[in-house]
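Structure incoming, see below.
The values are calculated or read from the model by the stated rules, or taken from the named source; none is laboratory data. For clarity, every value in this text was computed on a predicted model and none was experimentally measured. Ideal geometry is used to build each Cβ from the backbone, glycine not excepted, and the neighbour counts take in all protein chains shown. Please note that ligands, DNA and RNA were not included when accessible areas were found on the heavy atoms of the full protein model with its side chains. Shrake-Rupley method; radii C 1.70, N 1.55, O 1.52, S 1.80 Å.
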Amino acid sequence: MLKAELHTHINIDPLDYKFVDYSAFQLIDRAAELNFNVLAITCHNYVYDDPAAKEYADKKNILLLFGAEKDVDGKHTLLYNINHEVAQTINTLDDLRRARKEHPEMLVIAAHPFHYYSSCHKKNIIQHPDLFDAWEYSFFYASFFNPNRKTMRLAKAYHKPLVGNSDVHKLKDIGRTYTLIDAAPREEEVFKAIKEGKTKIITTPVPVPELIRITCRAFCVGLRKKWKRRREHPSP
Ligand SMILES: [Fe+2]
């Protein structure tokens, strides 16, 4: 089984760069310390694709994947196995439907679908089950608060694969929730195994002080996005 983290941000993330203080190389180092076999970098709306990072990860026996956490109708959507140019064309659910036909090799995961942010897909994953290969079990929960329960219940009913991710913004987050994938350590095998649901989630709840810190950070990011939108589209 491959130990995998499929949702991470780095210090050049176009949206979260102010909160992330480590490079791709530092992230790889930490993942290697924790014996990860597969690591995906998924910046917001940007496919980071650096051959030097890939080579560095290779030397540490980590399969490095380049993806993006793309806003699709404003909802966070993890895309893999496509380049930045293709990712840029996917901005709506209709775009995603088209892109899936044009790029059947693409892997699509709905990030934290039932968390309470406006950036979560929520009912979209039920109304458009064909658009998502898997749904995410997010690290962001506590024993008394766990929106993943709904995701798990529906995944069972809809026979949808689940992957566990830690949506890494701090190096200490990696390893809280991750996925074991039953595949050989090659890109195509990993993507195929996820689509076939050959995954097992390993997870521990986030301590309450951390939960509060992360909530504040998400609130600040939301505000920044709102201000940016207002600056770009001022009301008359
Ligand atoms: Fe994320």
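For the stretch 203-221, which residues satisfy the criterion of being touching a residue at least 60 places away in the same chain (Cβ under 8 Å) and touching a Ser or Thr at 6+ places or on another chain (Cβ under 8 Å)?
Thr203, Pro205
Residues checked against (1) among the hydrophobic types (A, V, I, L, M, F, W, C); (2) under 19 Å from Asp133 (Cα atoms); (3) at pLDDT 95 or above:
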| residue | (1), (2), (3) |
| --- | --- |
| Tyr56 | no, no, yes |
| Leu65 | yes, yes, yes |
| His84 | no, no, yes |
| Asp94 | no, yes, yes |
| Arg100 | no, yes, yes |
| Pro104 | no, yes, yes |
| Leu107 | yes, yes, yes |
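Which one of Pro236, Pro209, Pro185, Pro205 is over 20 Å from Asn35 (Cα atoms), at pLDDT 85 or above and assigned to a loop (DSSP other than H, G, I, E, B)?
So the residue among Pro236, Pro209, Pro185, Pro205 that is over 20 Å from Asn35 (Cα atoms), at pLDDT 85 or above and assigned to a loop (DSSP other than H, G, I, E, B) is Pro205.
Being of a type in the set (A, V, I, L, M), more than 16 Å from the ligand (Cβ to nearest atom) and open to solvent by 20 Å² or more (accessible area, probe 1.4 Å), is that true of even one residue in the stretch 126-137?
Within the stretch 126-137, one or more residues are of a type in the set (A, V, I, L, M), more than 16 Å from the ligand (Cβ to nearest atom) and open to solvent by 20 Å² or more (accessible area, probe 1.4 Å).
Scan (1) surrounded by 18 or more Cβ atoms within 10 Å (Cβ to Cβ); (2) away from the ligand (no atom under 16 Å from the Cβ); (3) part of a helix (DSSP H, G or I) for the single condition Thr151 breaks and write down its number.
Going through (1) surrounded by 18 or more Cβ atoms within 10 Å (Cβ to Cβ); (2) away from the ligand (no atom under 16 Å from the Cβ); (3) part of a helix (DSSP H, G or I) one by one, Thr151 breaks only (2).
Suppose we filter the stretch 87-113 for residues that are within 21 Å of Val168 (Cα to Cα) and out of contact with any Pro (no Cβ under 8 Å at 6 or more places or on another chain); how many remain?
Count: 7.
Please go through the stretch 63-98 and give me each residue that is away from the ligand (no atom under 16 Å from the Cβ), within 15 Å of the chain's Cα centre (by Cα) and in contact (Cβ under 8 Å) with a residue 60 or more places away in the chain, ordered by number.
If the condition is that a residue be away from the ligand (no atom under 16 Å from the Cβ), within 15 Å of the chain's Cα centre (by Cα) and in contact (Cβ under 8 Å) with a residue 60 or more places away in the chain, then Asn81 is the only one that fits.
Filter the stretch 157-171 for residues that are farther than 11 Å from Glu136 by Cα and within 16 Å of the ligand (Cβ to nearest atom); which is surrounded by the most Cβ atoms within 10 Å (Cβ to Cβ)?
Val168
Pull up the stretch 174-187, narrow it to residues that are in contact (Cβ under 8 Å) with a residue 24 or more places away in the chain and over 16 Å from the mean Cα position of the chain (by Cα), then point me to the one that is most open to solvent (accessible area, probe 1.4 Å).
Out of the qualifying residues, it is Arg186.
All but one of (1) without any contact (Cβ under 8 Å) to a residue 40 or more places away in the chain; (2) within 15 Å of the ligand (Cβ to nearest atom); (3) buried (at least 22 other Cβ atoms within 10 Å of the Cβ) hold for Tyr17; which doesn't?
So Tyr17 meets the others, but not (3).
If you check Tyr46 against the conditions, is it modelled with pLDDT of 95 or more and surrounded by 18 or more Cβ atoms within 10 Å (Cβ to Cβ)?
Spelling it out, Tyr46 is indeed modelled with pLDDT of 95 or more and surrounded by 18 or more Cβ atoms within 10 Å (Cβ to Cβ).
Out of all the residues in the stretch 42-62, is one or more over 25 Å from Phe25 (Cβ atoms) and within 16 Å of the ligand (Cβ to nearest atom)?
There is no residue in the stretch 42-62 that is over 25 Å from Phe25 (Cβ atoms) and within 16 Å of the ligand (Cβ to nearest atom).
Related question: Scan the stretch 32-41 residue by residue and report those that are away from the ligand (no atom under 16 Å from the Cβ) and out of contact with any Gly (no Cβ under 6 Å at 6 or more places or on another chain).
Listed by number, the residues that qualify are Ala32, Glu33, Asn35, Phe36, Asn37, Val38.
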